[in-house]
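Enquirer: My questions all concern the structure below.
Values in this text are rule-based calculations from the coordinates and carry no lab data. For clarity, every value in this text was computed on a predicted model and none was experimentally measured. Glycine also receives a Cβ, built like all others from the backbone with ideal geometry; neighbour counts cover every protein chain displayed.
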Amino acid sequence: MVSANREMVVFCFDTLVAHYNSEEAPPPAFDGGQHPLFVTWKKALNGSEPRLRGCIGTLEARCLINGFKDYALTSALRDRRFPPIQAKELPYLECTVSILTDYETALHYLDWEVGKHGIIIEFTDPDYNTRRSATYLPEVAAHEGWTNIEAIDSLMRKAGYNGTITESLRKRIHLTRYQSTLCTMHYRDYADYVKTSRGAAPAIAGSKHGSH
């Protein structure tokens, strides 16, 4: 089984740096393979708790190299919840890559463990008779300190449901649970890695942070 590793995070940073420099990213130092994956960017200012800046991925298996290349940029620049990440933010970023595994159909909406499982919910919006779906990665509910029900209710809102959340509606949720391996790196560690392995720190065009 493929696990998330440092080289995958390095490739995501490489891809974003290359985007700002209008150049091609160096080839990745990991093999392909097909897996569902997510890329999460957070920003930490002045030692504060890192705040989400973008998180997008796919629940379908994708070629890892193309997938990380696509989602590194999509989550940094096109997560509708946030303005696009700018080059000057790079020194404050941390990146997490997740590879999703062990998909299982849950027996009911509470049939999953906070901190262990990511969840995908699908349900019919009774107000519009439309299908809605959304996912949280395994670390989200634990990080927010949510109970199972709080996570489900939050996820229903994330899916776009604005009506009253009732127990009977929760019971009609189709829930898929999954697990993940993840790897997180701060830009500092990425810059050190690049300096050590390539002999020069990453330079960002038009940014005064290029060399520190």
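Enquirer: Residues in region 74-103 that are part of a strand (DSSP E or B) and more than 24 Å from TYR178 (Cβ to Cβ): how many?
Expert: The qualifying residues number 1.
Enquirer: Would a scan of region 46-62 turn up a residue that is at negative phi and touching a Gly at 6+ places or on another chain (Cβ under 7 Å)?
Expert: Yes: one or more hits.
Enquirer: Scan region 117-147 for residues that are outside any strand (DSSP E or B) and among the hydroxyl-bearing types (Ser, Thr, Tyr) and jot them down.
Expert: Matches in region 117-147: TYR128, THR147.
Enquirer: Right, next: Which members of region 89-105 meet the condition of being among the aromatic types (Phe, Trp, Tyr) and either in contact with a helix residue (DSSP H, G or I) (Cβ under 9 Å, 6 or more places away or on another chain) or surrounded by 15 or more Cβ atoms within 10 Å (Cβ to Cβ) (or both)?
Expert: TYR92
Enquirer: Tally the residues that are under 27 Å from ASP102 (Cβ atoms) and either without any contact (Cβ under 8 Å) to a residue 12 or more places away in the chain or out of contact with any Lys or Arg (no Cβ under 8 Å at 6 or more places or on another chain) (or both), restricting the search to region 7-27.
Expert: Counting residues in region 7-27 that are under 27 Å from ASP102 (Cβ atoms) and either without any contact (Cβ under 8 Å) to a residue 12 or more places away in the chain or out of contact with any Lys or Arg (no Cβ under 8 Å at 6 or more places or on another chain) (or both) gives 5.
Enquirer: Residue under question is ALA201, and the condition is that it be part of a helix (DSSP H, G or I) and without any contact (Cβ under 8 Å) to a residue 40 or more places away in the chain; does it hold?
Expert: Here the answer is no, as ALA201 does not meet what is asked.
Enquirer: Tell me which of these ASP79 doesn't satisfy, since it passes every other one: (1) of a type in the set (Asp, Glu); (2) touching a strand residue (DSSP E or B) at 6+ places or on another chain (Cβ under 9 Å); (3) surrounded by fewer than 18 Cβ atoms within 10 Å (Cβ to Cβ).
Expert: With (1) of a type in the set (Asp, Glu); (2) touching a strand residue (DSSP E or B) at 6+ places or on another chain (Cβ under 9 Å); (3) surrounded by fewer than 18 Cβ atoms within 10 Å (Cβ to Cβ) applied to ASP79, the lone miss is (3).
Enquirer: Within 30 Å of PHE13 (Cα to Cα) and crowded, with 19+ Cβ neighbours inside 10 Å: does that describe TYR136?
Expert: yes
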